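Structure first, then comments.
Bear in mind these aren't lab numbers, they're just calculated from the coordinates by the rules spelled out. Values in this document were obtained by computation on a predicted structure and should not be read as measured data. Here the Cβ positions follow ideal geometry from the backbone for every residue, glycine too, while neighbour counts run over all protein chains shown.
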Ligand code: KG4
Ligand code: ZN
């Protein structure tokens with residue numbers, strides 16, 4: 001496809017904060033021309049989680065071919081790109097450095113502007129790719145493997161964090177419980193699948209709320225689930241059977257999933273009520289969860305809230321969302337120089 005001239009802005013996005021090496025080309029922050037994702041899930045599966053050192057090494061091997069594919073699929077040469085956007089935090093520092101360094105090298109070689117993107121701003125921006133009408137202000141629940149935030153998005157680059165998790169993130173809790181009940185890695189999608197036919201009321205699990213705050217805490221429900229599992233396993237070993245003779249895997253998974261989702265939904269709607277917002281967006285890997293999507297849709301319909309969420313491929317880590325967020329950051333006047341560094345605990349809205 002020949003590149004159109006004029007005021008259009010073509011952004012090359014690069015993402016390597018965890019275990020996906022990704023590159024994408026996005027036009028004007030909204031239209032995906034390519035979205036290449038090389039997942040390392042198979043590599044980390046046998047360890048039950050991401051091994052940072054291995055992740056960095058594989059990013060290093062994969063980053064250039066992935067960028068090449070993204071440009072090729074978009075039908076563009078590097079010279080035709082207007083801006084390079086790369087995740088510079090939060091994430092695994094060794095992993096972040098690979099994508100960021102590649103971005104800096106390309107920006108220097110091709111004399112292109114560079115912009116660093118905060119990963120959660122990227123997740124939020126995934127919604128601009130899937131919902132052409134979405135514009136701030138809106139409220140966003142961002143739920144990933146490491147974060148559970150409720151964010152007031154005042155403008156494309158103006159974020160106010162209204163709530164965060166005090167301990168585990170929702171995705172982390174999903175992954176840990178999934179591993180304990182014998183599902184593989186990554187646990188979230190497998191637990192979602194296992195829960196499909198289950199009864200969400202089969203196992204009684206707590207819903208933790210914080211007085212005077214929308215903050216989350218998932219370590220309690222995680223520990224309660226693991227204690228229940230322990231008890232079932234002990235009973236099973238005394239009786240010479242399997243714990244699943246007493247509670248099916250589907251019922252256990254559905255009950256845990258529902259306990260987490262109930263809290264995510266309740267806190268988000270409490271924040272909507274407190275801020276008077278009627279526009280809601282969900283983002284991040286856990287936004288792929290079918291129960292969360294359904295419960296959010298039901299509650300939104302009941303309360304007259306307009307809800308958006310991205311397709312599954314844009315919920316989990318990808319570089320199209322980084323390109324979209326980079327586009328809006330650049331439009332707001334931001335350009336970074338080659339001293340831009342990877343920041344493992346970079347805050348949303350922080351520099
Ligand atoms: O956003 P993401 O791809 O990476 C981070 O930025 O962390 O999120 C990954 C997290 C993992 O914890 C994964 O298990 C979870 O998202 N996840 C899900 C589902 N798909 C991905 N959790 C629950 N249900 C799903 N369908
Ligand atoms: Zn992510």
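Couple of notes before you dig in:
- Packing around the peptides 252-260, 61-69, taken as the average count of other Cβ atoms within 10 Å per residue, puts them in this order, highest first: 252-260, 61-69.
- Cα pair distances in segment 51-175, grouped into 10 Å bins until the bin that holds the longest one, percent each: 11, 33, 35, 19, 1
- At 1.567 mPa s and 4 °C, Stokes diffusion of the chain via Kirkwood alpha-carbon radius, µm² per second: 62
- Taking all pairs of distinct alpha-carbon atoms in segment 140-271, Kirkwood radius in angstrom: 15.5
- Estimated inter-spin distance, residue 42 and residue 277, nm [label 7 Å along Cα→Cβ]: 3.9
- Estimated [θ] at 222 nm from DSSP helical runs (n ≥ 4, -39500 (n - 2.57)) normalised by residues in the chain, nearest 500: -14500 deg cm²/dmol
- Cα centroid separation, segment 290-347 to segment 95-132: 13 Å.
- Put in order of Cβ neighbour count within 10 Å, fewest first, the listed residues 149, 59, 123 become 149, 59, 123.
- Relative packing of 15-21, 49-55, 296-302, 209-215, which averages over residues the other C-beta atoms within 10 Å, highest first: 15-21, 49-55, 296-302, 209-215
- Where a label projected 7 Å from the Cα of residue 210 along Cα→Cβ would reach, residues of segment 107-149 with amide N under 18 Å: 140-149
- Unit Cα scatterers, Debye sum, segment 210-303: log10 I(q)/I(0) for q = 0.11, 0.15, 0.17, 0.19 Å⁻¹: -0.44, -0.71, -0.83, -0.95
- Computed Rg/Rh of segment 266-351, alpha carbon atoms with Kirkwood Rh: 1.05
- Counting other Cβ atoms within 10 Å as a rough exposure proxy, the listed residues 87, 7 run 7, 87 from fewest neighbours to most.
- Cα point-scatterer Debye curve for segment 39-87, base-10 log of I(q)/I(0) at q = 0.17, 0.24 Å⁻¹: -0.65, -0.91
- Counting DSSP beta bridges with both ends in segment 9-122, the antiparallel % (nearest 5): 60
- Burial ordering of 303, 133, fewest other beta-carbon atoms within 10 Å first: 133, 303
- Shown here: segment 192-351, whose C-alpha atoms stretch 67, 41, 32 Å along the first, second and third principal axes, sorted largest to smallest.
- With Cα atoms as the point set, the radius of gyration and Dmax of segment 1-121 evaluate to 14.3, 50 Å.
- Histogrammed with a bin width of 10 Å, the alpha carbon distances of segment 196-235 distribute as 26, 42, 26, 7 percent, first bin at zero.
- Annotation: the antiparallel percentage among DSSP beta bridges lying fully within the chain is about 60.
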